[in-house]
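The values are calculated or read from the model by the stated rules, or taken from the named source; none is laboratory data. All of these numbers come straight from a predicted model, not from anything done at the bench. Cβ placement follows ideal geometry from the backbone for every residue including glycine, while neighbour counts extend to all protein chains displayed. Calculation scope for accessible area: heavy atoms of the full protein, side chains included, ligands and nucleic acids excluded. Shrake-Rupley method; radii C 1.70, N 1.55, O 1.52, S 1.80 Å.
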Amino acid sequence: MGKKGPMPTYKTVDDYIAHQPQEVQQVLEELRAIIKEAAPEVVEILNYKIPCFSFIPNAKRDQQIMMAGYAKFVGFYPFPTTIEKFSEALKEFKKGKGSVQFPLDKPLPKDLIIEMVQYRRKELLNDGI
């Protein structure tokens, strides 16, 4: 098995997306648009070399929503409390503690993603985490 090199460093969210396979690019762009529709004021940054969306200036990692492209899915990381709150609605997707995998071969659940983003936004801005 070949040795994997270090993960590339990207300059912007656009740069990250542009370096993904075409099918992954399309789903990342769609997810990005849904996040921005749900929270137009969100600020895009790169954190841990992946696209992140911040509701709070200079937010810590646990105060951001993240996304990443993979070979067969797009990972969406809205935080464990959000995954827990929407666990029933997400039951058809593979989940982690703070993440969900959206397969590339199925449409993104736009309304659900909007609800999740707005829930996390409200949680952050009201609780002042």
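So the values come out like this:
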| quantity | calculated |
| --- | --- |
| Heavy-atom accessible area ranking, 1.4 Å probe, most first, across Ser54, Ser99, Ser87 | Ser87, Ser99, Ser54 |
| Of Pro57, Leu31, Tyr16, farthest towards positive along the dipole that unit charges on Lys, Arg, Asp, Glu beta carbons give the chain | Tyr16 |
| Structure-based [θ]222 nm, the chain - -39500 (n - 2.57) summed over DSSP H runs of at least 4, per residue, nearest 500 | -11000 deg cm²/dmol |
| Cα→Cβ-extended label distance, 7 Å offset, between Glu44 and Glu88, nm | 3.5 nm |
| Sites Lys106 and His19, calculated FRET efficiency, Cβ-Cβ separation with R0 22 Å, nearest 0.05 | 0.40 |
| Helix 22-38 axis, angle to the chain major axis (alpha carbon atoms, nearest 10°) | 20 degrees |
| Listed pairs Lys72/Lys110; Lys60/Lys97; Lys60/Lys91; Lys60/Lys106; Lys72/Lys122; Lys36/Lys95 exceeding 26 Å between Cα atoms | Lys60/Lys91; Lys60/Lys106; Lys72/Lys122 |
| Label-point separation, Arg61 to Lys97 (7 Å along Cα→Cβ), nm | 1.2 nm |
| Two-site FRET efficiency, Ile114 against Thr9, from Cβ-Cβ distance with R₀ of 22 Å, rounded to 0.05 | 0.10 |
| Share of alpha-carbon pairs per 5 Å distance bin for region 47-87, given as whole % | 6, 22, 28, 23, 16, 6, 1 |
| Rounded tilt (10° steps) of 110-127 against the dominant C-alpha axis of the chain | 60 degrees |
| Descending principal axes extents, the chain, alpha-carbon based, whole Å | 46, 34, 26 |
| Overall form of region 18-94 per C-alpha gyration tensor (a/c, 1.5; a/b vs b/c) | oblate |
| Segment Lys72-Glu29, length gained on full extension (0.36 nm per residue, minus Cα span) | 13.9 nm |
| Environment charge at Glu29 (Cβ cut-off 15 Å; Lys +1, Arg +1, Asp -1, Glu -1) | -3 |
